[in-house]
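To start, the structure itself, in structure tokens.
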Amino acid sequence: MAVSDRTISYPAIDLTNRCKASTIGEQKANIAMASLSLLPDSGTRLVGIARLAAHGEAVHQGHEVNYFTLPVRSLLNRCTSARMTFTWTINPYRGCEFACKYCYARYTHEFMEMRDGVEFEQKIYVKQHAANLLRQELRQVKPGEEIALGTATDPYQPAERHYEVTRAILEEFSRHQGLEIGIVTKSNLVLRDTQLLRIIGENNQLFVNITITTLGVALARIIEPRAPRPDLRLEAVRKLNDAGVNAGVICAPVMPGITDSPKDLEALVRATAEAGGKYIFANPLFLKPCSAAMFLPFLEKEFPSLVANYRERYRNGAFLPKSYGQRLSQLMARLREKHGMGNAYERYSRKTPPVAAAARQLSLF
């Protein structure tokens, strides 16, 4: 059954008033099911986000997934990476149930003293007081500074159906004007908020970025096992644009030898154009050590012939050689031009290399 069709029963929870700052350190789970031990007793004094996570309340236990409250003190985070085009990030949740094999964000659970990469997809933390925090923190945002929603975890993962933290954030955005907002998601659940997104877009610059790595349903199911099917995501692109909400596609990560053939990439560009997508761009696989710990065993099982080459290429770092990224950018630029998406890509084209005279076969090898 597709994730988008799955129904999960959640208990009610008040995310606004459940916790008081003066008692956070003494909170304990108060639910019908048995208390869950979130962190091992290492004898080390926990601080920061690890301490807050340790005192979160277990609010639901599903199929191999547990949900906990997270009484955070801040929602808006400044991005310091020179590689990124945005200034601020917001992640309504910690952890992501979609369980993408390549996910680079698994390291964020390490800040909570969780070293097993699988915990990122099995222990989902629901941030509290989101709208109130955002209302206060938006004062820090200066004109021209973009806010990216969903950079480390998907804001429309299954938990959002019940807890609606993302919706609360959007409702707060709708009360402001002059903001630059980008949303990143793999879920067609974003369509639930179409009307709200239209309202935000009337007074702010808004783009909804739908991530699609492949059009192949079977391939998508093994690399993104709990995410909605690619065709459902494309339909979300179509419906958002039909409703007047700017939406396009992020093809990321592009995985060498798996999703990087010109034929497959052109099929995705063509489908995006036919769906009315405003743009499409692609980025190569970024493989941090915590990601490699999950991705390489996946390769050994599903693509054993690629393992040795991946180990060699990523032996000295998380990035592929710049030449690979340049060839990918050149090919995508040519394909956008071929399918009439050249002008629509302008927002993301500032650092795009010029179109190559002829497309070259992308290959890791």
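Every number in this text was worked out from the coordinates using simple rules, so none of it is lab data. Given the structure is predicted, the values throughout are model-derived calculations rather than measurements. Because the Cβ atoms are built from the backbone with ideal geometry, glycine has one as well, and the counts that use them run over all protein chains shown.
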Ratio Rg/Rh, restricted to region 181-277 and using Cα atoms, in which Rh is the Kirkwood radius: 0.99
Ordering of 145-152, 190-197, 174-181 by burial proxy (mean other Cβ atoms within 10 Å per residue, highest first): 145-152, 190-197, 174-181
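So between H176 and R315, what do we pick up on full extension, going 0.36 nm a residue minus the alpha carbon distance?
On the way: separation 139, 0.36 × 139 = 50.04 nm, distance 4.61 nm.
Value of the extension gain: 45.4 nm.
Output the peptides 259-272, 120-133, 236-249, 68-81 sorted from most to least packed, where packing is the average of other Cβ atoms within 10 Å over each peptide's residues.
Those peptides, ordered most packed to least, come out 120-133, 236-249, 259-272, 68-81.
Beta carbons within 10 angstrom, averaged per residue: use that to sort the peptides 95-102, 300-307, highest first. Don't skip to the end; give the middle numbers.
Working: 95-102: 22.6, 300-307: 12.6.
Order by mean packing, descending: 95-102, 300-307.
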Overall form of region 64-348 per C-alpha gyration tensor (a/c, 1.5; a/b vs b/c): oblate
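Provide the FRET efficiency to the nearest 0.05 for the K322-E137 pair, computing r from the beta carbons and using R0 = 41 Å. Present the calculation step by step, with values, prior to reporting the outcome.
On the way: r = 36 Å, r/R0 = 0.87.
With a Förster radius of 41 Å, E is 0.70.
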Whole-Å distance, taken between Cα centres, linking region 286-323 and region 175-229: 27
Set K186/K338; K127/K301; K278/K301; K127/K338 screened for pairs whose C-alpha atoms are more than 32 Å apart: K127/K301; K278/K301; K127/K338
Positive-end extreme of charge dipole, region 64-348 - chosen from S305, I199, V65 (charges on Cβ): S305
Euclidean distance of C-alpha centroids, region 129-158 and region 72-106, integer Å: 10
Of G257, A243, Y93, farthest towards positive along the dipole that unit charges on Lys, Arg, Asp, Glu beta carbons give region 64-348: G257
